[in-house]
Amino acid sequence: MKIKTNYLSFNTRLIINIILLIFVLILTLYFSISSFSIKTNQTIKYNEVGNIDYKVQLKQNDFYEQEYLDKNMLYISNLIKNINVNYKYNFKIDDKTDAIFTYKIIGVLSIMDNTAKNIFYQKEYELLDTKNIQMKNSNEQKIEEDIEIDYIFFNNIANEFKRKFGVNTSSNIAVKLVINQQSIDKNISFNENKTLTLTIPLSQRELRITTDSLNNQNEFIKNISIKINNYLYFALAIILLIIEIILIIILGKKIKLIIPKKSVYDKYIDSILNEYDRYIINTNTKPNLKEGDSVIKI
């Protein structure tokens, strides 16, 4: 009894070889990518902008009809009741990341000599309790806080110190928004403090309030490295790569079989054409080799 076998044609075997090669290639890529964790150093740029706005609330008086005066004016200290301050801070980074922003507002009362170089007395007041904001998988974080400064309270302390000790002083209250930026992204490392300060002179008949701003561009280093975290997948990728090379060799041999081969004559003609093609011309006249001379039409 003869066993009937199914014969696969050359083209069918060629197609199966190509499909198998593509399948092995996909598996190789999958196991290769899955076996590695990639970490390198990359520069990530960031930009931060901070501004302070304020307005001065006045006591009841016979001169000013409005309740508030705008910023950047000269103020009479005896007319000031409160100072309303608005802080704005904006942080932007090129790459999305995770970070925690911790901030608070403090007031630093400083009583100095007339030169403002030597400090007689200094005390820190916490005007806004510490707050935390978490930035999760984002490239921007904003902070905005309003606070009311009791000017009369701090001015009375400065005046009392001056009166009690009979010294000439230069005093102020520096109201500071203190921000700490701390990364919780394992690939980006940063831990920085930033401050926005509004300074109010004290114990003066007239005063100007000064503010600073923040417009900073800088960069962080993002750590990216490559390491094997799955040795089983890595071994499978190596084995599949060897199989793939074998399949490519087999496929190359099969493709070579369907490429028509040139005969010795064709190779000889090709060599003549390559060497003397600049001398070869076309003619419709058959040369007469028996006669010495003959006319050939080119």
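Take the conditions (1) assigned to a loop (DSSP other than H, G, I, E, B); (2) over 43 Å from the mean Cα position of the chain (by Cα); (3) of a type in the set (A, V, I, L, M); Met73 misses just one of them, which is (2).
Looking at Asp146, Asp150, just one residue is more than 24 Å from Ser203 (Cα to Cα) and open to solvent by 10 Å² or more (accessible area, probe 1.4 Å), and that residue is Asp146.
Considering only residues that are part of a loop (DSSP other than H, G, I, E, B), modelled with pLDDT of 70 or more and hydrophobic (A, V, I, L, M, F, W, C), which ones fall in the stretch 271-295? Listed by number, the residues that qualify are Ile280, Ile281, Val295.
Ala174 - would you say it is of a type outside the set (Lys, Arg), touching a helix residue (DSSP H, G or I) at 6+ places or on another chain (Cβ under 9 Å) and at negative phi? So Ala174 fails the test. Those residues that are at pLDDT 75 or above and open to solvent by less than 60 Å² (accessible area, probe 1.4 Å), I need them from the stretch 231-251; list them, please. If the condition is that a residue be at pLDDT 75 or above and open to solvent by less than 60 Å² (accessible area, probe 1.4 Å), then Ala235, Ala237, Leu240, Glu244, Leu247 are the ones that fit.
Filtered by the rule that a residue be in contact (Cβ under 8 Å) with a residue 60 or more places away in the chain and closer than 22 Å to Asp94 by Cα, the stretch 191-212 gives a lone residue, Lys194.
Taking the conditions exactly as written (more than 30 Å from Ile245 (Cα to Cα) and modelled with pLDDT under 70), does Lys4 satisfy them or not? Yes: the conditions hold for Lys4. Every condition in (1) surrounded by 15 or more Cβ atoms within 10 Å (Cβ to Cβ); (2) within 19 Å of Ser213 (Cα to Cα) is met by Asn84 except one, and the failing one is (1).
Looking only at residues of the stretch 155-196 that are surrounded by 17 or more Cβ atoms within 10 Å (Cβ to Cβ), part of a strand (DSSP E or B) and not aliphatic (A, V, I, L, M), we find that the one that is nearest to the chain's Cα centre (by Cα) is Ser183.
The set of residues in the stretch 32-70 being in contact with a helix residue (DSSP H, G or I) (Cβ under 6 Å, 6 or more places away or on another chain) and assigned to a loop (DSSP other than H, G, I, E, B) consists of Lys59, Asn61. Within this structure, Lys262 fails the test of being loosely packed, with under 10 Cβ neighbours inside 10 Å and at pLDDT below 75. Does Lys45 qualify as being modelled with pLDDT of 80 or more, surrounded by 13 or more Cβ atoms within 10 Å (Cβ to Cβ) and on the phi < 0 side of the Ramachandran plot? Taking the combined requirement at face value, the residue does not satisfy it. For beta carbons closer than 6 Å, sequence separation of 6+ or different chains, a first residue in the stretch 124-139 that is open to solvent by 100 Å² or more (accessible area, probe 1.4 Å) and modelled with pLDDT of 95 or more and a second that is assigned to a strand (DSSP E or B) and not aliphatic (A, V, I, L, M), the qualifying pairs are Asn132/Thr102.
The values are calculated or read from the model by the stated rules, or taken from the named source; none is laboratory data. All values reported here derive from a predicted model rather than from experimental measurement. Here Cβ is always computed from backbone atoms with ideal geometry, including for glycine, and neighbour counts include all displayed protein chains. Accessible surface areas use protein heavy atoms only, side chains included; no ligands, DNA or RNA. Shrake-Rupley method; radii C 1.70, N 1.55, O 1.52, S 1.80 Å.
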